[in-house]
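K.L.:
Mind looking over this structure? Questions follow.
The values are calculated or read from the model by the stated rules, or taken from the named source; none is laboratory data. Bear in mind the structure is a predicted one, so any value in this text is a computation, not a measurement. So basically every Cβ, Gly included, is an ideal-geometry build from the backbone, and we count neighbours across all protein chains shown.
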Amino acid sequence: MNRKSFKGWLYLLPALVFIVVFLLYPLVDVFVYSFEEGYNFASQSYSGIGFFNYSYILHDPYFLQAVKNTFILVLITVPLSTTFALLIALALSSAPRLKSLFQTVYFLPYITNTLAVGLVFMILFKKTAYTDGLINLMLAWFKAGSVDFIDGPYWAKMFVLCFYTIWIVLPFKVLILTSALASVNETYYSAARVDGTSRTRIFTRITLPMISPTVSYLVITGFIGAFKAYSDAVALFGTNLNAAQMNTIVGYIYDMLYGDSGGFPSFASAAAILLFFIVLTITLINLMVSRKHTYY
Amino acid sequence: MKVVLQNLTKTFPGRLRGEAPTTPANHLNFTIPDGKLVGLLGPSGCGKSTTLNLISGLLKPDSGRIFFGEDDVTDLPAERRGIGLVFQNYALYPHLTVLQNILFPLENLKGKDKMSKEAMLRRTDEVARLVQIETLMARRPAQLSGGQQQRVAIARALVKMPKILLLDEPLSNLDARLRLQTREELRRIQTETGITTIFVTHDQDEAMSISDEIILMKTGVIQQIGAPQTVYDDPENLFVAKFLGTPPINVFDGEVKDGGVYLGDDRILEAPELKCGRIIVGIRPEGFVPDENGCLRCTLERIEVMGRDRSVLCRNGACANRIRAIVPATKDVKMAGDTVRFSLMPDKVLLFDAQTEERIRV
């Protein structure tokens, strides 16, 4: 190593130390943990090395439930929330007079605390000894039977979770899409008007391609965010998510580390590694798809 | 197709509270003959772009009518007026290729106007050849130079065979050399298609060099309409005289007394019919002739050599700014001390009323 490059590395040292200690080492360590069988926190010892941890969690019905929940959540909320956000942003940008008012209204959920919102959703959906909850009261108008959304059937709980997730991620997406729409140069629309372009064609051939980088950004971060969902489920269904059949992968990892059944860092690590590869795969697929349809 | 504007008026409310409304088109009346290339000229903010947008239909006038030929198009939306519009920034769709961009207007056609794919391609081929971009059809706009983008924009505007072609500042995004080339190009395309063309510009050079006719505007009011040379030689008012010509006209504060026009103590013109009092005198730079016995005395500052001719820069008490006179390089400038004397070409000396700034013709 010559003098010059030594100096360069010296300057990089502080940043490198941080990255290695706080990013790289934990990542590698999780990977290592996930292969150490029967790891014991107290004695820091393990009985062997192999794939037992993976095999265990893949046979654990709670984990499989969590994977299923997470996938349902991702596949429903990401497309729906992005579509809704796009529709709302389009409506906002075509109503300039009320834009700032509605923008504020739509942004409120974003600055509201997750747990506080969870409480509100409980009031809306939960059945107690005293009341059936607001939604059930409304369902009764249509002569529909009341459903316990919080402690009831699986589909009802999943509906509430998806509804909640969409509602909480919508403001951010609306905000980003409104500014993306506003940044499209007005003369493109004038040119399209002179050429007699229909509204649908303007949207599909001009607006959508112009904001496609933003849309693909939202889809990718949306997928990643939804895969890492946990606090939303806790806010709605409490901490015992396994019992409620509403656990997510991140929730499962947390339970394995600290929950009632806690103290299994090896299982948690194996689950974390699996989650990592799931997210990686999906993101790569996303990137490949968006590269085809995104104009930068 | 001829274009007629009758009493066309458009007012915008002030954007900020308390700001006065602006009237970028104030009772415009003019007729553009069929098949002519017309330049809408004026300083920025004079309403020329608004006028163009009114003709295109992107803006609705508050009052007045617009006719294309004999048809009243005032209430027609832009897409039904049969115009082609080229935007200042070209507005080419960046995600589409050149071919797709030019096809775009054709693909919008519906009902009985709908064209087959082959017919569309034949048409795009034709316009591409006209503006000479046949080899660029597969590229994206970002891969084109400014001049090429401009041609694509013109091709896209022409592909629907509009009756009228409108161009908003077509050359302002090009560099100086390209601008010269492109304006020739514009003239050629217009001549070949014979389509009535209106273009907006703030550059008098541009307007004068290629237009059949120029329309000079200021704060929403038409100042003068006519062939470029006529407007230059015979301006209606001081604004027109100042706006046209590079270098600009030299403006003096003169005085009429004893049947003549005086600049300071120099009697430069016999004008027995003029009333005594103050008068504005404009002298074109090419109107100065160095002459030992000339009537106008100036203090010489320096001489700039420009090859073909020379710029004589000097001062005179009657003129607030430095005077610039253009004299042929072959002509000797004789001076006594630092005083230089000029005689003046009569048709290059223009007189204006000191109050109204309207032209006084002698």
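Conditions tested, residue by residue: (1) within 29 Å of the chain's Cα centre (by Cα); (2) within 14 Å of chain A (Cβ to nearest Cβ).
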| position | (1), (2) |
| --- | --- |
| B:LEU16 | no, no |
| B:VAL38 | yes, no |
| B:LEU58 | yes, yes |
| B:PRO61 | yes, no |
| B:ALA91 | yes, yes |
| B:LEU103 | no, yes |
| B:LEU109 | no, yes |
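K.L.:
Might you let me know whether segment B:324-331 holds any residue that is at pLDDT below 90, among the small types (Gly, Ala, Ser), out of contact with any strand residue (DSSP E or B) (no Cβ under 8 Å at 6 or more places or on another chain) and loosely packed, with under 15 Cβ neighbours inside 10 Å?
P.N.:
Checked against the condition, which is being at pLDDT below 90, among the small types (Gly, Ala, Ser), out of contact with any strand residue (DSSP E or B) (no Cβ under 8 Å at 6 or more places or on another chain) and loosely packed, with under 15 Cβ neighbours inside 10 Å, segment B:324-331 yields no hits at all.
K.L.:
Considering only strands (runs of 3 or more DSSP E) fully contained in segment B:313-362, which possess at least 3 residues that are assigned by TED's automatic domain parsing to the domain that holds B:CYS298 and farther than 21 Å from B:ALA241 by Cα?
P.N.:
Here the list reads B:339-344.
K.L.:
Counting just the residues of segment A:184-206 that are more than 7 Å from chain B (Cβ to nearest Cβ) and aliphatic (A, V, I, L, M), which one comes out surrounded by the most Cβ atoms within 10 Å (Cβ to Cβ)?
P.N.:
A:ALA192
K.L.:
Moving on to the next point. Name the single residue that is surrounded by the most Cβ atoms within 10 Å (Cβ to Cβ) among those in segment B:102-148 being assigned to a helix (DSSP H, G or I) and of a type in the set (Gly, Ala, Ser).
P.N.:
B:ALA128
K.L.:
Of the residues that make up segment B:53-67, is at least one closer than 22 Å to B:ARG183 by Cβ and not polar (S, T, N, Q)?
P.N.:
Yes: segment B:53-67 contains one or more residues that are closer than 22 Å to B:ARG183 by Cβ and not polar (S, T, N, Q).
K.L.:
Taking the criterion of being under 27 Å from the mean Cα position of the chain (by Cα) and among the polar types (S, T, N, Q), would at least one residue in segment A:182-193 satisfy it?
P.N.:
yes
K.L.:
Follow-up question, since we're still on this one. Could you tell me whether A:SER216 is within 14 Å of chain B (Cβ to nearest Cβ), touching a helix residue (DSSP H, G or I) at 6+ places or on another chain (Cβ under 7 Å), among the hydroxyl-bearing types (Ser, Thr, Tyr) and on the phi < 0 side of the Ramachandran plot?
P.N.:
For A:SER216, the condition - within 14 Å of chain B (Cβ to nearest Cβ), touching a helix residue (DSSP H, G or I) at 6+ places or on another chain (Cβ under 7 Å), among the hydroxyl-bearing types (Ser, Thr, Tyr) and on the phi < 0 side of the Ramachandran plot - is met.
K.L.:
Would you please list the contacts, defined by Cβ atoms under 8 Å and residues six or more apart or on different chains, that run from a residue in segment A:145-165 that is at pLDDT 85 or above to a residue that is among the small types (Gly, Ala, Ser)?
P.N.:
A:LYS157/A:ALA244; A:LEU161/A:ALA233; A:TYR164/A:GLY118; A:TYR164/A:ALA235; A:THR165/A:SER81; A:THR165/A:ALA226; A:THR165/A:ALA229
K.L.:
Go through A:TYR106, A:TYR25, A:TYR39 for me and flag whichever is within 26 Å of A:SER266 (Cβ to Cβ), of a type outside the set (Lys, Arg) and surrounded by 15 or more Cβ atoms within 10 Å (Cβ to Cβ).
P.N.:
On inspection, the qualifying residue turns out to be A:TYR39.
Quick grid of which residues meet (1) on the phi > 0 side of the Ramachandran plot; (2) touching a Leu at 6+ places or on another chain (Cβ under 7 Å); (3) within 12 Å of chain A (Cβ to nearest Cβ); (4) among the aliphatic types (A, V, I, L, M):
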{"site": "B:LEU106", "(1), (2), (3), (4)": "no, no, yes, yes"}
{"site": "B:THR124", "(1), (2), (3), (4)": "no, yes, no, no"}
{"site": "B:GLN148", "(1), (2), (3), (4)": "no, yes, no, no"}
{"site": "B:ILE154", "(1), (2), (3), (4)": "no, no, no, yes"}
{"site": "B:ILE164", "(1), (2), (3), (4)": "no, no, yes, yes"}
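K.L.:
Quick one: would you say B:ARG151 is crowded, with 22+ Cβ neighbours inside 10 Å and without any contact (Cβ under 8 Å) to a residue 60 or more places away in the chain?
P.N.:
yes
K.L.:
Since B:ILE189 meets every condition but one in (1) more than 11 Å from the chain's Cα centre (by Cα); (2) surrounded by fewer than 17 Cβ atoms within 10 Å (Cβ to Cβ); (3) without any contact (Cβ under 8 Å) to a residue 60 or more places away in the chain, which condition does it not meet?
P.N.:
(2)
K.L.:
Is there a residue in segment B:77-89 that is among the hydrophobic types (A, V, I, L, M, F, W, C), away from every other protein chain (no Cβ under 11 Å) and surrounded by 15 or more Cβ atoms within 10 Å (Cβ to Cβ)?
P.N.:
The answer is no, given that none of the residues of segment B:77-89 is among the hydrophobic types (A, V, I, L, M, F, W, C), away from every other protein chain (no Cβ under 11 Å) and surrounded by 15 or more Cβ atoms within 10 Å (Cβ to Cβ).
K.L.:
On the basis of being among the small types (Gly, Ala, Ser) and in a loop (DSSP other than H, G, I, E, B), does A:GLY152 make the cut?
P.N.:
In short, yes.
K.L.:
Moving to a separate point now. So how many residues does segment B:192-207 have that are surrounded by fewer than 20 Cβ atoms within 10 Å (Cβ to Cβ) and over 26 Å from B:GLY69 (Cβ atoms)?
P.N.:
3
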